[in-house]
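Asks: One structure follows; several queries about it will come next.
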Amino acid sequence: MMPAGQGADAVGRDGIMGNRSLSRTRPPIAGSVLLLLALVTLVGHLAIAGRYGWFRDELYYIDAGKHLAGGYVEFPLMVSLLSAFQRAVFGPSLAALHVLPAAAGAVIVVTTGLMARELGGGRLAQGIAALAALSRSPEVWHGLLSVIWA
């Protein structure tokens, strides 16, 4: 039996409980791959941003952005604030309405790759995770194929 404070479950000087030999350094970031896939996502979304017309919820968000209130039953206040911000910065067009969602999709792709890194995945695992996040939106693939084949 080990004396108190010397086992694998002892608290070390840094206050962390456990065996220090299990700690590993994180793998390097697959930055170029993640940025390339994020760019593909962003360009893909923006390429088809104006092709399908207005959706009724989008019209509701635009109107809520024009009449800011403390909140709505259907959605939180942030939706109407983002709608007002987007209209002020990018204008009132249909394609402009899709700029922030396209940017959010690109951020999701990068974040997914970085999550794979946090879990110990190398560059290949980060790229596969980011590609999986990219492939989650079939409307982008359908829209891009229709642009290419049209």
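The values are calculated or read from the model by the stated rules, or taken from the named source; none is laboratory data. What you see is a predicted model, and the numbers here were worked out from it, not measured in a lab. Note that each Cβ is placed from the backbone with ideal geometry, even for glycine, and that neighbours are counted across all protein chains shown.
Residues are listed down the side, and each one gets a yes or a no for (1) modelled with pLDDT under 85; (2) part of a helix (DSSP H, G or I); (3) not aliphatic (A, V, I, L, M):
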{"residue": "L37", "(1), (2), (3)": "no, yes, no"}
{"residue": "G44", "(1), (2), (3)": "no, yes, yes"}
{"residue": "A49", "(1), (2), (3)": "yes, no, no"}
{"residue": "G53", "(1), (2), (3)": "yes, no, yes"}
{"residue": "A64", "(1), (2), (3)": "no, yes, no"}
{"residue": "A69", "(1), (2), (3)": "yes, no, no"}
{"residue": "Y72", "(1), (2), (3)": "yes, no, yes"}
{"residue": "F85", "(1), (2), (3)": "no, yes, yes"}
{"residue": "A96", "(1), (2), (3)": "no, yes, no"}
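Asks: Pairs please, first residue from the range 80-93 and over 17 Å from G53 (Cα atoms), second anywhere and among the hydrophobic types (A, V, I, L, M, F, W, C) and loosely packed, with under 13 Cβ neighbours inside 10 Å, Cβ atoms under 6 Å, 6+ apart in sequence or on different chains.
Replies: Here the result reads S80/L68, each pair linking the range 80-93 to a residue that is among the hydrophobic types (A, V, I, L, M, F, W, C) and loosely packed, with under 13 Cβ neighbours inside 10 Å.
Asks: Give all pairs with beta carbons closer than 7 Å in which a residue from the range 96-119 that is under 14 Å from V33 (Cβ atoms) meets a residue that is part of a helix (DSSP H, G or I) and hydroxyl-bearing (S, T, Y); count only pairs at least 6 apart in sequence or on separate chains.
Replies: Partner pairs satisfying both residue conditions: A106/T41; V109/T41.
Asks: Identify all residues within the range 79-119 that are under 21 Å from L68 (Cβ atoms) and hydroxyl-bearing (S, T, Y); write none if there are none.
Replies: Answer for the range 79-119, where residues must be under 21 Å from L68 (Cβ atoms) and hydroxyl-bearing (S, T, Y): S80, S83, S93.
Asks: Across the range 55-74, what is the total count of residues that are surrounded by fewer than 11 Cβ atoms within 10 Å (Cβ to Cβ) and either of a type in the set (D, E) or within 21 Å of A102 (Cα to Cα) (or both)?
Replies: Summing the residues that are surrounded by fewer than 11 Cβ atoms within 10 Å (Cβ to Cβ) and either of a type in the set (D, E) or within 21 Å of A102 (Cα to Cα) (or both) in the range 55-74 gives 2.
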